[in-house]
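Worksheet: one structure, shown below.
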Amino acid sequence: MSLVLDPAAQDLLFREAHTANAFTDEPVTDEQVQAIYDLVKFGPTAFNQTPLRITLVRSAEARERLVQHMAEGNQAKTASAPLVAILSADNEFHEELPALFPAFPQAKDLFFSERPARESAARMNAALQAAYFIVGVRAAGLAAGPMTGFDHEGVRKEFLDDDHTPLMVVNIGKPGENAAYPRSPRLAYDDVVTTV
């Protein structure tokens, strides 16, 4: 084996994990979400940027407001998931850089003084963090159902503000019966990796 990670953990995080479309009604606790975040916050980003913001949609009223912005095929599963998280990018993340990247506090003004540069960096690094979050959900023994099929501007207006860009909505919980489609093919190593 070339991997140090235990094969059972490899299966849990990748080989046996699937995007879930149905869940049991077992609740997802705040403690579980905090444990997920406290693990995945260590995933690498450029300049240790931390633009990901997580909005947990728990109340029935908020869930109804969210469901109306989801694509038709995503509405029922979002309405019935034990927990739904809106993952967004904070375009003002640079304000935290002096504390988060003390080795080079000038990065805040040198690279991110202009809004377009911040938005691009926030989107890229929050997307990285969102991927870590999904793997963290799996590490907690839960399943994630990430979706980008929704009215992004509607969700931003309903739940966020002008400084936050919604990236995805993630349904979270224990997978229910027939929760996943059969595994789709993946590209082989030789199709992806080139050595120069």
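Descriptive notes on the structure:
Here is a yes/no grid of residues against (1) of a type outside the set (A, V, I, L, M, F, W, C); (2) within 20 Å of the chain's Cα centre (by Cα):
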{"residue": "57", "(1), (2)": "no, yes"}
{"residue": "80", "(1), (2)": "yes, yes"}
{"residue": "106", "(1), (2)": "yes, no"}
{"residue": "115", "(1), (2)": "yes, no"}
{"residue": "118", "(1), (2)": "yes, yes"}
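- Failed item in (1) open to solvent by less than 60 Å² (accessible area, probe 1.4 Å); (2) closer than 20 Å to residue 167 by Cα, with residue 58 passing the rest: (1)
- Residue in region 90-97 that is modelled with pLDDT of 95 or more, closer than 22 Å to residue 162 by Cα and of a type in the set (Phe, Trp, Tyr) present: yes
- Unmet criterion (only one of (1) in contact (Cβ under 8 Å) with a residue 40 or more places away in the chain; (2) over 19 Å from residue 62 (Cβ atoms); (3) of a type outside the set (Asp, Glu)) for residue 84: (2)
- Selection within region 17-56 - part of a helix (DSSP H, G or I), free of Cβ contacts under 8 Å to residues at least 24 places away in the same chain and within 13 Å of residue 132 (Cα to Cα): 38
- Against the numbered list (1) part of a helix (DSSP H, G or I); (2) more than 18 Å from residue 146 (Cα to Cα); (3) within 17 Å of the chain's Cα centre (by Cα), residue 10 comes up short only at (3).
- Selection status of residue 162, more than 15 Å from the chain's Cα centre (by Cα) and in contact (Cβ under 8 Å) with a residue 60 or more places away in the chain: no
The values are calculated or read from the model by the stated rules, or taken from the named source; none is laboratory data. Given the structure is predicted, the values throughout are model-derived calculations rather than measurements. So basically every Cβ, Gly included, is an ideal-geometry build from the backbone, and we count neighbours across all protein chains shown. Accessible surface areas use protein heavy atoms only, side chains included; no ligands, DNA or RNA. Shrake-Rupley method; radii C 1.70, N 1.55, O 1.52, S 1.80 Å.
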